[in-house]
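Asks: Okay, here's the structure, questions in a sec.
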Amino acid sequence: MSNNCKELINIYNEIKSDNEEIKKHYCLGEGRYSATILYDNYVYKIYPIVCKGEEKDMPNFSSEDHIHELKKEVGWQTIASKPSKSNVKLAPIIYAWYICIDDTVCQNYEKRKYFIIKMEYLSNYRGIEKIDETKFREIVSKNIDFKNSIELLLKERDERGIPDIADGDRYLSDKFNRGLQIMVDTKKLEELKKIRESGETEKLKEMCNDCAILIDFGNVMDYNNYMERLLEKYKNPLKIPINAIEELSKPKPKPKPKPKPKPRPRPISRSRTRLGLRSRSRSRSRSRSRSRSSNAEGKKILTKKRRFIKERRPTKKRR
């Protein structure tokens, strides 16, 4: 648990109690249940986590389910806040998220929990609700630098695979036909207006990429359940890389076909090889013995013939 849990929850409760002095000093914006506050030069977005049974339409919706949904918001803003190769970022950087526990209890006697997101404070940016409506409509409809900045934001958001949000600003949605919520750097728009009037239009391309910045990723229309799969893979939403959606969208490579096994030569049994060797050795030994015996017999026949011839020769009579 963070050391500033108690202070943040007290500020949140004062804002929700319509304490105007606290609102003026700390509040940057608030939703029906959430509040975004400035504290110690950081922005904190605070959500009270529902207890089981508090959601009438979803009676089984638990605290763990709500925390899981809020992690999705952190995941989308993490993808948006990481700078691209051309150093373009679309949202404030999230430094941490954590859960604080209050002393108050829910109807089911669980202690009340709060989901807190700590993020970068962009001092020059103002939310739409902080800008005069007439002035904001004029910016959207007539300021060419603002139009270019939004188009760059949408192009970069599409490249990162971040879908539109369901609860985008109506005027922006009608103008750009996209669901988005933004903060505007009004000072920079004034600077760009002066540069345009001076005729130095070359500087505008480099400067108009951060006149506006995206916020509020709580209701991203994620029909493909990308973030569900990313949380399953990375566990901590802050670890999700900038190209995570692109990697998920790639078709899975087809598995390489397994090579067919070569037919093995038929094994020769030992008995056959032995028999074969014996038969060969026998035939060779037999031929050798036959040749030897025939030679010996031939020699015997010759000696007998010679003896017979000698015996038949007539002997000379001595006179």
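Asks: List the residue pairs whose Cβ atoms are under 7 Å apart, where the first residue sits in segment 54-74 and is closer than 23 Å to Tyr223 by Cβ and of a type outside the set (Lys, Arg), the second is open to solvent by less than 40 Å² (accessible area, probe 1.4 Å) and not in a loop (DSSP other than H, G, I, E, B), and the two are 6 or more positions apart or on different chains.
Replies: Close Cβ pairs (under 7 Å, with a partner that is open to solvent by less than 40 Å² (accessible area, probe 1.4 Å) and not in a loop (DSSP other than H, G, I, E, B)) amount to His66/Ile49; Ile67/Ile49; Ile67/Phe115; Leu70/Tyr47; Leu70/Phe115; Val74/Ile94; Val74/Ile117; Val74/Pro237.
Asks: Moving to a separate point now. I need a count of the residues in segment 31-52 that are open to solvent by 50 Å² or more (accessible area, probe 1.4 Å), farther than 23 Å from Val105 by Cα and touching a strand residue (DSSP E or B) at 6+ places or on another chain (Cβ under 8 Å).
Replies: Total satisfying the criteria: 1.
Asks: Filter segment 210-237 down to residues that are assigned to a helix (DSSP H, G or I) and buried (at least 17 other Cβ atoms within 10 Å of the Cβ) and give me whichever is farthest from the chain's Cα centre (by Cα).
Replies: Top of the filtered list is Asp210.
Asks: Taking the condition touching a helix residue (DSSP H, G or I) at 6+ places or on another chain (Cβ under 8 Å), open to solvent by less than 60 Å² (accessible area, probe 1.4 Å), among the aromatic types (Phe, Trp, Tyr) and not in a strand (DSSP E or B), does Phe136 pass?
Replies: Numbers: touching a helix residue (DSSP H, G or I) at 6+ places or on another chain (Cβ under 8 Å): yes; open to solvent by less than 60 Å² (accessible area, probe 1.4 Å): yes; among the aromatic types (Phe, Trp, Tyr): yes; not in a strand (DSSP E or B): yes.
Judged against the criteria, Phe136 is a match.
Asks: Under the condition of being in contact (Cβ under 8 Å) with a residue 40 or more places away in the chain and open to solvent by 50 Å² or more (accessible area, probe 1.4 Å), which residue from segment 182-204 is nearest to Lys142 (Cα to Cα)?
Replies: Only one residue fits best here, namely Lys193.
Asks: Another question about this same structure. Of the conditions (1) touching a Leu at 6+ places or on another chain (Cβ under 8 Å); (2) closer than 20 Å to Ile242 by Cα, His68 satisfies every one except a single condition; which number is it?
Replies: Condition (2) is where His68 drops out.
Asks: So which residues in segment 91-105 are surrounded by fewer than 19 Cβ atoms within 10 Å (Cβ to Cβ), in contact (Cβ under 8 Å) with a residue 12 or more places away in the chain and either closer than 23 Å to Lys72 by Cβ or polar (S, T, N, Q) (or both)?
Replies: Across segment 91-105, the qualifying residues are Ile93, Tyr95, Ala96, Tyr98, Ile99, Ile101.
Asks: Within segment 62-84, is even one residue of a type in the set (A, V, I, L, M), closer than 21 Å to Asp185 by Cα and modelled with pLDDT under 95?
Replies: No, because not a single residue in segment 62-84 is of a type in the set (A, V, I, L, M), closer than 21 Å to Asp185 by Cα and modelled with pLDDT under 95.
Asks: Right, another one. Filter segment 177-196 down to the residues that are over 12 Å from Phe146 (Cβ atoms) and assigned to a helix (DSSP H, G or I) and list them by number.
Replies: Across segment 177-196, the qualifying residues are Lys187, Glu191, Lys194, Ile195.
Asks: Still on this model: Say we look at segment 107-130 and pick out the residues that are modelled with pLDDT of 85 or more and part of a loop (DSSP other than H, G, I, E, B); which of these is surrounded by the fewest Cβ atoms within 10 Å (Cβ to Cβ)?
Replies: Of everything passing the filter in segment 107-130, Ser123 is surrounded by the fewest Cβ atoms within 10 Å (Cβ to Cβ).
Asks: On the phi < 0 side of the Ramachandran plot, in contact with a Gly (Cβ under 9 Å, 6 or more places away or on another chain) and not acidic (Asp, Glu): is that true of Gly75 in this structure? Steps first, please.
Replies: On the way: on the phi < 0 side of the Ramachandran plot: yes; in contact with a Gly (Cβ under 9 Å, 6 or more places away or on another chain): no; not acidic (Asp, Glu): yes.
So Gly75 fails the test.
This table checks each residue for (1) exposed (fewer than 14 other Cβ atoms within 10 Å of the Cβ); (2) small (Gly, Ala, Ser); (3) at positive phi; (4) at pLDDT 90 or above.
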{"position": "Lys142", "(1), (2), (3), (4)": "yes, no, no, no"}
{"position": "Asp145", "(1), (2), (3), (4)": "no, no, no, no"}
{"position": "Asn148", "(1), (2), (3), (4)": "no, no, no, no"}
{"position": "Lys155", "(1), (2), (3), (4)": "yes, no, no, yes"}
{"position": "Asp158", "(1), (2), (3), (4)": "yes, no, no, yes"}
{"position": "Gly161", "(1), (2), (3), (4)": "no, yes, yes, yes"}
{"position": "Asp167", "(1), (2), (3), (4)": "yes, no, no, no"}
{"position": "Asn177", "(1), (2), (3), (4)": "yes, no, yes, yes"}
{"position": "Leu180", "(1), (2), (3), (4)": "no, no, no, yes"}
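Asks: So Lys24 clears everything in (1) open to solvent by less than 60 Å² (accessible area, probe 1.4 Å); (2) free of Cβ contacts under 8 Å to residues at least 60 places away in the same chain except one condition, right? Which one?
Replies: (1)
Asks: Filter segment 238-268 for residues that are in a helix (DSSP H, G or I) and in contact with a helix residue (DSSP H, G or I) (Cβ under 7 Å, 6 or more places away or on another chain) and give the result.
Replies: Those that are in a helix (DSSP H, G or I) and in contact with a helix residue (DSSP H, G or I) (Cβ under 7 Å, 6 or more places away or on another chain): Leu238, Ala244, Ile245, Leu248.
Asks: State whether the residues of segment 61-75 include one that is part of a helix (DSSP H, G or I), touching a Phe, Trp or Tyr at 6+ places or on another chain (Cβ under 6 Å), open to solvent by less than 60 Å² (accessible area, probe 1.4 Å) and farther than 22 Å from Cys5 by Cα.
Replies: no
The values are calculated or read from the model by the stated rules, or taken from the named source; none is laboratory data. These numbers were taken from a predicted model, which means no experiment stands behind them. All Cβ positions, glycine included, derive from the backbone under ideal geometry; neighbour counts span all protein chains shown. With ligands, DNA and RNA removed, areas are computed over all heavy atoms of the protein, side chains included. Shrake-Rupley method; radii C 1.70, N 1.55, O 1.52, S 1.80 Å.
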